[in-house]
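Working notes, beginning with the structure itself.
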Amino acid sequence: MKPLFVASLLCLSLSGCSWLFGEDGLFPDNSGRYQSASEMENLTLPEGLQSESIQPMYPIPPIANRVALETEFEVPRPTPLTAGSQMDQVRIQRLGDASWALVAVAPGQLWPQVRAFLSQSGMGLAATNAEAGMIDTQWLELLDSPLPSRFRFRVDSGIQRNTAELHVLQQTKGAKLEPWPAQSDDLELERDMLRNVAQFIANNADAAPVSMIADRSIGDSGRIVIEDGDVDTRLRLSLPFDRSWASTGKALDVSGFKIDDRNRSEGIYYVTFIGPQSEDDSGFFDWLWGGEEEHPLKGTKLRVLVESIEEELVYIRVVSEDGSALERRDQQGLLTLLKGNIS
């Protein structure tokens, strides 16, 4: 009997899939049956009963208008990943008195690295808020500093996708407890702390864990996006004007533009598009504009407009030398170049 039992199990194991999960099995796969499903008539209720509470689970809205495009639609090219290839793992940036560390990881990876730095440095924590990306230290006695200090570390999403920024705020202890200042009391202490934590992050980049809470709350989609409006294409940048202006100028220098003049009060860069300056860039430009031997906009004089909309919102547009609109394809191509190099 034992060999017969083993043979029976072998037969079941060989035919188990069709017997259990086949079309005529005990547990058939219904994932594709919706394709052949027929539409049922609406439920009819007897007279005197209300039907307001009976609604379709997946209603199909009616098509109000059927508008045909006047011209053939052209799918825009995807944004190239130029920023990631040009950026170091950790880089300290400065604009005026403000300094921050730009890190080529998602915010959810930067948050635990900052926590690890504080733990290994023996700094006591006063408060943490992963959803806001904030870490506050206790008051610390520092060498060569007569008064105690405390620090606030803020992790924020970077401009580009999958990048993060680390900001440090320092406060000196006074006679009475004051709220956190808008700017550090001692900029040298702030910058020293920023350099130390940036070096720690660079040394431990390969073993960075991930904080799911910080990653979900802060996000890693970046703060720059290309928008197609009714009239033109533009870059939407979630930054104050001062930083947007400076970042745009740096991006123009490495994106195939020559800055001829600038008017900061009006938010205008007067530029000439000079095209690729290396063989690697040339291959990318060929891909972007379809592989022409001579780039169609090479030598063209343009204006790059940096327009402040709100405190943390700026629009960047590219127009011709006289201010008229370029063709939509050219707008998209030029803004794509800028988008990948703004940081």
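The values are calculated or read from the model by the stated rules, or taken from the named source; none is laboratory data. None of these values were measured; they are calculated from a predicted model. Methodologically, a virtual Cβ is constructed for each residue, glycine included, from the backbone with ideal geometry; neighbour enumeration extends over all protein chains shown. To get the accessible areas, we keep the full protein, side chains included, count just its heavy atoms, and leave off ligands, DNA and RNA. Shrake-Rupley method; radii C 1.70, N 1.55, O 1.52, S 1.80 Å.
Mind listing just one residue for me: the one in segment 18-60 that is touching a Pro at 6+ places or on another chain (Cβ under 9 Å) and open to solvent by 80 Å² or more (accessible area, probe 1.4 Å) and, of those, modelled with the highest pLDDT? Applying the filter and picking the extreme gives Asn42. The set of residues in segment 150-192 that are under 22 Å from Leu118 (Cα atoms) and hydrophobic (A, V, I, L, M, F, W, C) comprises Phe151, Phe153, Val155, Ala164, Leu166, Val168, Leu169, Trp180, Leu187, Leu189. Scanning segment 115-148 for residues that are among the hydrophobic types (A, V, I, L, M, F, W, C), assigned to a loop (DSSP other than H, G, I, E, B) and within 20 Å of Glu178 (Cβ to Cβ) turns up Trp139, Leu142, Leu147. Select from segment 180-234 the residues that are at pLDDT 95 or above and touching a helix residue (DSSP H, G or I) at 6+ places or on another chain (Cβ under 6 Å) and list them in ascending order. If the condition is that a residue be at pLDDT 95 or above and touching a helix residue (DSSP H, G or I) at 6+ places or on another chain (Cβ under 6 Å), then Ser184, Val197 are the ones that fit. Considering every residue within segment 112-133, establish whether at least one is open to solvent by 50 Å² or more (accessible area, probe 1.4 Å), touching a residue at least 12 places away in the same chain (Cβ under 8 Å), within 20 Å of Asp97 (Cβ to Cβ) and in contact with a Ser or Thr (Cβ under 9 Å, 6 or more places away or on another chain). No - not one qualifying residue is present in segment 112-133.
Name the single residue that is farthest from the chain's Cα centre (by Cα) among those in segment 247-263 being over 16 Å from Gln160 (Cβ atoms) and assigned to a helix (DSSP H, G or I).
Out of the qualifying residues, it is Asp253.
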